[in-house]
1. Among the candidates S809, S821, single out the residue that is of a type in the set (S, T, N, Q) and in contact with a Gly (Cβ under 8 Å, 6 or more places away or on another chain).
2. Condition first: surrounded by fewer than 16 Cβ atoms within 10 Å (Cβ to Cβ) and farther than 30 Å from A334 by Cβ. Now tell me which residues in the stretch 286-315 satisfy that.
3. Anything in the stretch 351-370 that is among the charged types (D, E, K, R) and in contact with a Leu (Cβ under 6 Å, 6 or more places away or on another chain)? List them, or say none.
4. Find the residue count for the stretch 247-259, including only residues that are surrounded by 19 or more Cβ atoms within 10 Å (Cβ to Cβ), touching a Lys or Arg at 6+ places or on another chain (Cβ under 8 Å) and on the phi < 0 side of the Ramachandran plot.
5. Assigned to a loop (DSSP other than H, G, I, E, B), in contact with a Leu (Cβ under 9 Å, 6 or more places away or on another chain) and either aromatic (F, W, Y) or surrounded by fewer than 20 Cβ atoms within 10 Å (Cβ to Cβ) (or both) - does that describe any residue in the stretch 401-414?
6. Got at least one residue in the stretch 512-527 being part of a strand (DSSP E or B), surrounded by fewer than 20 Cβ atoms within 10 Å (Cβ to Cβ), free of Cβ contacts under 8 Å to residues at least 40 places away in the same chain and hydrophobic (A, V, I, L, M, F, W, C)?
7. Say whether the condition of being surrounded by fewer than 23 Cβ atoms within 10 Å (Cβ to Cβ), within 22 Å of S402 (Cβ to Cβ) and either modelled with pLDDT of 95 or more or assigned by TED's automatic domain parsing to the domain that holds I385 (or both) is met by at least one residue in the stretch 478-486.
8. Out of (1) surrounded by 15 or more Cβ atoms within 10 Å (Cβ to Cβ); (2) modelled with pLDDT of 90 or more, the odd one out for G750 is which?
Amino acid sequence: MRHLYRFKYLFISILTTLILTNASLAVFGQVFDNGQNPPSLKWKQIKTENYQVIFPSGFEKEAERTANVLEHLYNYVGRSLKTKSRKISIILQNQSVSSNGFVTLAPRHSEFYTTPPQDLEPNDWINSLAVHELRHVVQIDKTTSGINIPLIEEIQFAVFGGVFPIWFIEGDAVVTETVLSSSGRGRLPDWEKEFRANTLSGAKYSYSKYYFGSLKDNIPDYYRLGYFMSAKMRRDYGDSVYNALFTRAKNKFYIPWPFSNSLRHFTGYSTNQFFHQAVADLKNNWQKQLTDTKSITYNPINIRKNSVSTDYELPKALDSNEIICLKKGLADVASFVKIDKNGHEKKMLTIGPQLTPHFDLKNNTLVWDEIRYDPRFQYHTYSVICTYNLTSKTFKQLTKQSKYFSPALSSNGKTIAAVKISEANNFNIVLLNAETGEEIKTLENAANYFLQTPSFNANGDQLVYAVSSNLGRNIAVYDLTENREKLLLTWDFKQSLRPVFFGEKIIYHSSYNGIDNIYCFDTASKTNSQLTNAGIGVYNPSIDQYNQRILFNDFVKTGLNISAIPTGETTAINPEKTPSEFIQYYKPMIAREQGKSILDSFPSLSYKITPYKEASHLINFHSLSPYTQAGENDNYTAGISLKSNNLLNTMGITLGYSYDQSVKSGEYNASIAYKKFFPIFSLNYNNRKRTAVFDTLINNKETFREFSFRENKFDFSVSIPLSFYKSNYNYSVGFTSEISYISRYDINGGPKNLVKTINFPIDNTLYFYRTARRSARDINPKWGEQISIRYNSLPFDDQLDGSIFTVESSFFFPGLFKHHSFLASFNYQHNTGIYQSAVEIPEVSGAGNISRTSPLESTLLLRYRFPLFYPDWELSRFAYIKRFKGGFFADAENITSSGEFKSYGVELRADCNLLRYYLPNYDIGTKVIFFTDKGINSPVFQLIFNFTL
């Protein structure tokens, strides 16, 4: 293994050089660009003492309730940090089917996506969301206290993001939601299953691996890491030290790794060391839990080919020999697969993105829900019902522009029951015609409980489903003949989900003993039976009537397996009296807060509701920020910009000044973009000094002379960017048209025939992208096309003539093995007039070393890329490397005439994170280029340094 260590040390040396020779990346990126709402939406507002609640018309009832929730939480969410937040705007987004929320600066506001998820923990969604997001408001305000001066929101947000790792930001919020409620995520056994499985298996994963993830192992997101780390800090050192740690870290923002430095200051441990302390503590707790529950190991039905994290989810019997499930993981996009009795699998159909994994199977028909997006207005999303007939192999999207979730088929396959959520957050189960998608009936839900995962009985006259409210979770049965709902259980805060009928009994999974297991409720005797006793957790029960067994998912270190037990009875239990062995890592903090849930009751004050007039809030200057940017000829300019964004993200304004050292002069710019309507309108102005050269005769000798001038440039553009999903493909279609005007003045030493104005050149671009969805391991999409056509001309200029016509295209194909990719890129340009010598298409590798004897007309770029290995290396604080990739390339020029291959070579790259920052994600490496022209020295080494946010 000595060669491996030598390579690691060499890599550290290279990384150190790269880091020291590249400017640090600021965290000034504008995170507030999630799109727009449809322009027809009318907005209203409620102003309370501490909040401004902005919401769409029709959402008044929920908005007023939310305002009461926010004010009720105000005095609680910041208590442990000894901070009360400043007034902030909360935007309630009810057009989206996604369940999310965020807080941001630049501009300062928070957004709540009000549609609950189908796997919601047992509570009211907006209540839970409010606790979590308001904690973020407190975090930001505590960090920026003392620097609350106007127009520095981007700088404040950069300080916040630079001081605290994202795992701490989110983990602290999860701890808060857990200790202030009866149902935060820290109370759910399901939520810790990946961390628990890894720890109990003896896997010794690094801190960086839990932070940045892995492309081979089942690593939970950084919310889990953050929850356990933050909880341990508060458990072991108390809230006073926790608060002092937060304060010291934000006050020491100017030193490297201020959070880790402050953690060491108060605890004696670095972040990495503290992580291992937390894992050791958790392992002891979980090992005791495993011993006390006397768990059983279940044999899997599926056969795993490797240890790559993969889920075989929601098993359902097709017949006596085959099971259908959803297979997805790091190496696989979600697809339906058949698994026979020997464990062999066969892929059937790849599906589009889902919010929560779900499908049902009856009469050889599959039914499931998928996300759809409004092509232009990204906040307007839908959840549609899709079906697939296994006999005829026909796919059908049954509904459009709907908000239907968790569809279930009746036993005869003629009716679909689905959860419907209105834009006013009214929750109902609707019955749909399985052939047409037409609504047949809406079931009454007088209490407006949130409804989850319905399922029919064998006769099709009853439905069973989970219900959630501020009281917790319950299971309900709805009699379709009598139109009557009956609650089966006592309300509690256990995560009881996915109930299904088994004769007169109800099978479901819940966590009564502190680990998720399968339970059976007898509706006649009103008794519960525990059917499984898993070590990590089992989920998603279904009845296999062909083999008289219960199928379910059993979680193991590598993901969800499919297992089964006979349908026999076990000992009856009383869930209310079943001792829970859950480790309750959050418990010591409850007494330090209120000692109980603060979500049990709320005031119901009436607030004045007024229109929110977007037109009067379009200008909202929030940040005066420094920046650097790349200029022409590899020059960099430094400057400062003043930015305005309105809260609904329909208009942005930027005013800027920068100094270009290469021409020793200032540059002024201004831009405005209006995005409310279907087209996006943009107007840009730039004033700058430029230099150029011209040839002249001095003493009858041709000489090149440099001259300078200033220019005003105005650009006006109209663009229509469209993006959407269809089945397993992502589509982007768009058109942009730009017209500009340039005037030149203060000409110093230039030629007499210098053109002083360029009158309204028009630049049009049309593009079409279609790419298959990728798994995390895929280098490129398996299939895809990307085509862009551009035409730039001067139809209104009498002095100048010329045009540019370009076609850029890329075509993706699968490689020889899984995750390999072949890419062919053909590019063509035809330039005339003043654009004759312009290069507007991608060039061959090493083009700077090639001397052309004729203008560039076309290029053909061939790429074959593949993963090499997945080391998950933690190289101290310098880097964390997830994957090494290799590739071959061969590039040709002017293939439309007498072209030939010009260069070829190999590349070695790595996907990594640097300096323990979660973002950006870096793609770094080297490209070794050989030239077919023997007159050019080979090889040439080219540095690859890309990053994505």
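The values are calculated or read from the model by the stated rules, or taken from the named source; none is laboratory data. In this text, all values refer to a predicted model and were calculated from it rather than measured experimentally. Positions of Cβ are generated from backbone atoms using ideal geometry, with glycine treated the same way; all protein chains shown enter the neighbour counts.
1. After applying the criteria, what remains is S821.
2. Q287, K288, T291, D292, K294
3. Of everything in the stretch 351-370, those that are among the charged types (D, E, K, R) and in contact with a Leu (Cβ under 6 Å, 6 or more places away or on another chain) turn out to be D360, K362.
4. Pass one, the stretch 247-259, residues surrounded by 19 or more Cβ atoms within 10 Å (Cβ to Cβ): 249-250, 257-259.
Filter again for touching a Lys or Arg at 6+ places or on another chain (Cβ under 8 Å), leaving 250, 257-258.
From the residues that got through so far, the ones that are on the phi < 0 side of the Ramachandran plot too are 250, 258.
Total satisfying the criteria: 2.
5. Restricting attention to the stretch 401-414, the residues satisfying the condition of being assigned to a loop (DSSP other than H, G, I, E, B) are 401-402, 410-414.
Applying the additional criterion that residues be in contact with a Leu (Cβ under 9 Å, 6 or more places away or on another chain) yields 410.
Going one step further and asking which of them are either aromatic (F, W, Y) or surrounded by fewer than 20 Cβ atoms within 10 Å (Cβ to Cβ) (or both), we end up with none.
No, that holds for no residue.
6. Looking for residues that are part of a strand (DSSP E or B), surrounded by fewer than 20 Cβ atoms within 10 Å (Cβ to Cβ), free of Cβ contacts under 8 Å to residues at least 40 places away in the same chain and hydrophobic (A, V, I, L, M, F, W, C), one finds none in the stretch 512-527, hence no.
7. Yes: one or more hits.
8. Going through (1) surrounded by 15 or more Cβ atoms within 10 Å (Cβ to Cβ); (2) modelled with pLDDT of 90 or more one by one, G750 breaks only (2).
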